[in-house]
1. Taking the stated definitions as given, is Glu248 assigned by TED's automatic domain parsing to the domain that holds Ala295 and within 21 Å of Glu346 (Cα to Cα)?
2. Determine whether region 299-308 contains at least one residue that is within 26 Å of Val103 (Cα to Cα) and either within 16 Å of the chain's Cα centre (by Cα) or touching a residue at least 40 places away in the same chain (Cβ under 8 Å) (or both).
3. Do you know which residues across region 41-70 are in contact with a strand residue (DSSP E or B) (Cβ under 8 Å, 6 or more places away or on another chain), in a helix (DSSP H, G or I) and aliphatic (A, V, I, L, M)?
Amino acid sequence: MIRVLIADDSGTIALILRSILEREPDIEVIGHARNGEEALRLTIELKPDLVTMDIRMPVMDGLEATRRIMAEQPTPIVVVSGNVNNEEAKVSFRALDEGALAVLEKPNGMCEQQEYLDINWELVDTVRAMADLRVLRRINRKPHRTSGPLPPVQPGAARRQLELLAIGCSTGGPQALEVILPGLPADFPVPVVIVQHISAGYMSGMIEWLQQSVQLELKLARDGEELRPGVVYFAPDECHMEVRRCGEQLVATLVEGEPVNRFCPSSTPLLESVATACPGSALGILLTGMGVDGAAGLLRMRQAGCHTIVQDRETAVVYGMPETALGLDAVDRIVRLENMAAYLKEAAARQTMARANPADRSA
């Protein structure tokens, strides 16, 4: 049984959260804290498996409560925030720096039925995944040199210029990106395209939060936009992002469509489009995340001669996406998160893609 403490100053929201969570036979709500001070006290007393944390609360806000809980009674914390304007979203993401594991949209009972159902399953799935982390994984943000070189070029392998870096990530992705992107220089020689699963309305706030420590330009992709080196393009809410070639130029295409693997945007259409647009000349990455999204697309990239890597298990908050890709034999290399930026800079400097020996995939 997963024992959950709800921290929210709104009795109505707490009741909605309790109703959603206690519909599940394996989840029990064991308490309701109405401010951060109560959340700290009840976490110490009740020792829940997980805390859902509001940010704006009286007496002690959710940021300070998260900081104190992680110092005094380390417990998985999921931020559940109700206001998705950019400033509020940035504050919510600051909780990740204090040790929270994920940021989710707060259900309010006023949205469309499908949106409400989507919020429900995301909350329940995240609670299950996060509560399972008996030992909290804290990411080391200090960069290190890669522990192994790029894979050697195999006989007969195509030697093509690196044109694009494509990344897919989900739960734990913002923390992973906060490690990788600051390690890339402003003149990184290729465009970067990213699908990050996140609650609707939070993407702009996440970008602003990341931009504080990143030299590259971060932005939401626009339909038909030419992809430029030194710029990171994020897929916006509720549409898939694909990459297409117009002559020698790569462009972003935004496609309205049904969710893929329950997500829109999904990593799979992005990576599949990169395999078609940049055969043998792109690098694909799957980072931490629940589920299977992106694995089939990474396989397509590898089959098209692109270089493919995944984050290591030890630093991933949830290892669903990378593990699924490994099971499909879609991965050339497993790279430790703290080594990822150095690895990507080396790949860009070498400007060649190569396939690793299956017996030597770790870096």
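The values are calculated or read from the model by the stated rules, or taken from the named source; none is laboratory data. Only a predicted model underlies this, so the values are computations on that prediction, with no experimental measurement involved. Note: ideal-geometry Cβ built from the backbone for every residue, glycine included; neighbour counts use all protein chains shown.
1. Details: assigned by TED's automatic domain parsing to the domain that holds Ala295: yes; within 21 Å of Glu346 (Cα to Cα): no.
Answer is no for this residue.
2. No.
3. Leu42, Leu46, Ala65, Ile69, Met70
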